[in-house]
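Contents: one structure, followed by commentary.
The values are calculated or read from the model by the stated rules, or taken from the named source; none is laboratory data. Bear in mind the structure is a predicted one, so any value in this text is a computation, not a measurement. Note: ideal-geometry Cβ built from the backbone for every residue, glycine included; neighbour counts use all protein chains shown. These accessible areas exclude ligands, DNA and RNA; they are computed on the full protein's heavy atoms, side chains included. Shrake-Rupley method; radii C 1.70, N 1.55, O 1.52, S 1.80 Å.
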Amino acid sequence: MAAKIFVFGSINGQLQSAFSKLSTLHAKNVFSFAIVTGNLFGEGQDDDQLTALLAGEIQIPCPTYFTVGTVPLPAQVIERIEKDEEIAPNLHYLGKRSVTKTSEGVRIVTLGGLLDPAVVAGQSKEQYLPFHTEGDIKSLRGANNGDILLTTVWPSDVWKNSAKAREQNLTTDAISSSQAIADLCAHLKPRYHFTMSPDNFAFEREPFFPESRGEEDKDKGLDVTRFISLAPWANTAKAKSMYAFTLNRETVVSPPVGSTLTPFYKPAAAAQKRTADEAGFSRFANGNHEGDRRRRKHQRRERSPPPGPERCFFCLSNPNLPTHMICSIGEEAYLATAKGPLPSADTFKSQGLDFPGHLIITPTPHIPSLNVAALADSGEDVKKTYKEMTRFRESLQGMVSKQSKGKLGAVTWEINRARNIHVHWQFMPVPVEMVRKGLVEAGFQILAKDTNIGKFISKEFETADEVPGDYLRVWIWAEEEGDAEKGGAEGGQVISKTLLLQIDENVRFDLQFPRKVMAKLLGEEGRVIWQDVGQSVEEESKDVAAFRAAFKEWDFTL
């Protein structure tokens, strides 16, 4: 059963105006119930408004739930609660620490007040003062789950992995938060977590999902949490102080568009110490350079099994995922910037790009190949995955062409091997002139000949089951500059070609092959080995921000 829910920020005693607004909205929307985060009553509560509320003279149009925030409840309200009397028609006190199930079946887990540092053990003895204890938090873990988590205090680290938090400059110093509440949220995995904002601002984080699921939970869908902190009612900054949503019971099977990994994950010590076999595998690059290969030579006879989704550096469920590099998440695939990009931020600056433009297109399912059989057991449709990855590729092509006014085309490649861990495509801009003159195709053909690995042929196909064995596929694309009055490439001639190199299993294939070709073409031979291209998190984040700004009008996931 779906429930239509309305949420207020702290009302701070402005009872008449707040509930008048709720009445107006309820007449149009018919809410199942409402919730007040933070303080319903103010520190200097207007006695006239409180008296009118208690007398039933302020209309509350639907069941409305509240808890204690940062100020004590008025004595008259506490008196009615203790006598088990109605506070006002449709007004219900959740308690400071409680688990409540509404008539619609919505489960609300509540923890009001601030942490009381003076109490080192045990639970609160009363339910009205604006303080809670560590014991109160621990006791709520017994709820095991909840549709809505309502707290006064923010969970620690909720701003991690969040582009929205960076935009609002939210940090540990800016927000008072609690690690114990973060642990509670991670344990309960609520659909929504609401808090009050300590100042005149609001924050709605990107949805997030846990780092892994046990085998017994795979049929239950994905637990997705939305964290929302509302500004006080009628705040001077006019920040968001109201929120309405419909709580559905639908099973979530894939991460929502724009979502991130949970900010509360704690990498296990074992995950920090990867095996040599995994160390050569980067989430954003083909990483078997010469040094890694020599170190792994003695391990070839007894290879460890490939990492599963929780350890795969292409999987969204990996707790070590560098989520600050993720640019867009679709239904079947996601887009991220490359670790150790081949081009630098200056490579294409003269053509209008102020970021490297080296992107990775990755299917969200953990599959080694875009083969129909690879997803058959899970019931997924690999054709659907291929189409969305293609949509990302075509959007990127359109973006670089427009940004460069027709001066840049693109090269995308896919290495398909039975021994792959997680298949992906790598995308990179290239000057249109190189495509037009055939230099890109020639670069791939010449290196293939020099290394005796075969010859590329021209072949259009979709999924891997259409071609036998392992292969390297290269898409070469450009739209030559058209009428300048039309703004660059519009109206220009499109050049599009797909090359296929079938890989002999008996011949060693260098996974850096496509990158070496592109490095030669772009004059970036010093950046062939991605591990040697050092970038700080700040530099990577800057590249992501620049790319997102350019890609916004092409991003079909928004």
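Brief remarks follow.
- Candidate set from segment 7-31 (those that are open to solvent by 30 Å² or more (accessible area, probe 1.4 Å) and outside any helix (DSSP H, G or I)); member that is nearest to F201 (Cα to Cα): N12
- Cβ pairs under 6 Å, 6+ apart, first in segment 513-537 and over 15 Å from V440 (Cα atoms), second outside any helix (DSSP H, G or I): R527/L342; R527/V533; I529/H289; W530/A285; W530/G340; V533/G340
- For segment 484-498, the count of residues that are in contact with a strand residue (DSSP E or B) (Cβ under 6 Å, 6 or more places away or on another chain), open to solvent by less than 30 Å² (accessible area, probe 1.4 Å) and modelled with pLDDT of 90 or more is nonzero.
- If the condition is being more than 32 Å from the chain's Cα centre (by Cα) and either part of a loop (DSSP other than H, G, I, E, B) or aliphatic (A, V, I, L, M) (or both), then segment 466-481 contributes V467, P468, G469, E480, E481.
- Residues of segment 433-476 that are buried (at least 18 other Cβ atoms within 10 Å of the Cβ) and over 30 Å from K383 (Cα atoms): M434, G443.
- Listed by position, the strands (runs of 3 or more DSSP E) enclosed by segment 92-189 that each have at least 3 residues that are surrounded by fewer than 19 Cβ atoms within 10 Å (Cβ to Cβ) and modelled with pLDDT of 90 or more are 97-101.
- Residue that is modelled with the highest pLDDT [pool: residues in segment 32-54 that are in a loop (DSSP other than H, G, I, E, B) and open to solvent by 60 Å² or more (accessible area, probe 1.4 Å)]: E43
- Check on P63, under 22 Å from S229 (Cα atoms) and more than 36 Å from the chain's Cα centre (by Cα): no
- Look at segment 32-48: where a residue is over 12 Å from G112 (Cβ atoms) and a partner is assigned to a strand (DSSP E or B) and of a type in the set (S, T, N, Q), sitting 6+ places away or on another chain with Cβ atoms under 6 Å, you get A34/T64.
- Set E134, E104: member being in the same structural domain as T37 (by the TED database) and over 25 Å from P198 (Cβ atoms): E104
- Segment 394-419: number of residues that are in contact (Cβ under 8 Å) with a residue 60 or more places away in the chain, more than 16 Å from I367 (Cα to Cα) and open to solvent by 20 Å² or more (accessible area, probe 1.4 Å): 4
- Residue list for segment 386-443, filter: among the polar types (S, T, N, Q) and in a helix (DSSP H, G or I): T390, S395, Q397, S401, Q403
- Condition met for V77 (under 27 Å from the mean Cα position of the chain (by Cα) and either open to solvent by less than 30 Å² (accessible area, probe 1.4 Å) or of a type in the set (S, T, N, Q) (or both)): no
- Test: R311 is at pLDDT below 85 and within 20 Å of the chain's Cα centre (by Cα): yes
- Scan segment 404-456 for residues that are of a type in the set (D, E, K, R) and under 28 Å from N506 (Cβ atoms) and the total you get is 7.
- Candidate set: segment 213-240, residues that are surrounded by fewer than 17 Cβ atoms within 10 Å (Cβ to Cβ) and over 30 Å from G13 (Cα atoms); chosen: the one modelled with the highest pLDDT: G221
- Residues satisfying the stated conditions in segment 503-543, i.e. buried (at least 18 other Cβ atoms within 10 Å of the Cβ) and under 28 Å from S254 (Cα atoms): E540, D543
Results for (1) at pLDDT below 85; (2) assigned by the TED database to the domain that holds L335; (3) out of contact with any Cys (no Cβ under 6 Å at 6 or more places or on another chain); (4) not aliphatic (A, V, I, L, M), shown as yes or no for each residue.
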residue	(1), (2), (3), (4)
N506	yes, yes, yes, yes
L511	no, yes, yes, no
G523	no, yes, yes, yes
S536	no, yes, yes, yes
S541	no, yes, yes, yes
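- Selection within segment 354-385 - open to solvent by 40 Å² or more (accessible area, probe 1.4 Å) and either outside any helix (DSSP H, G or I) or at pLDDT 85 or above (or both): D354, H366, P368, N371, D377, S378, G379, E380, D381, K383, K384
- Whichever residue in segment 334-347 is within 25 Å of the chain's Cα centre (by Cα) and open to solvent by 10 Å² or more (accessible area, probe 1.4 Å) and, among such residues, is farthest from C312 (Cα to Cα): A345
- For segment 544-558, the set of residues classified as assigned to a loop (DSSP other than H, G, I, E, B) and crowded, with 16+ Cβ neighbours inside 10 Å consists of D555, T557, listed by residue number.
- Index of the failed condition, S350 passing every other in (1) surrounded by fewer than 19 Cβ atoms within 10 Å (Cβ to Cβ); (2) closer than 19 Å to D543 by Cβ; (3) at pLDDT below 75: (3)
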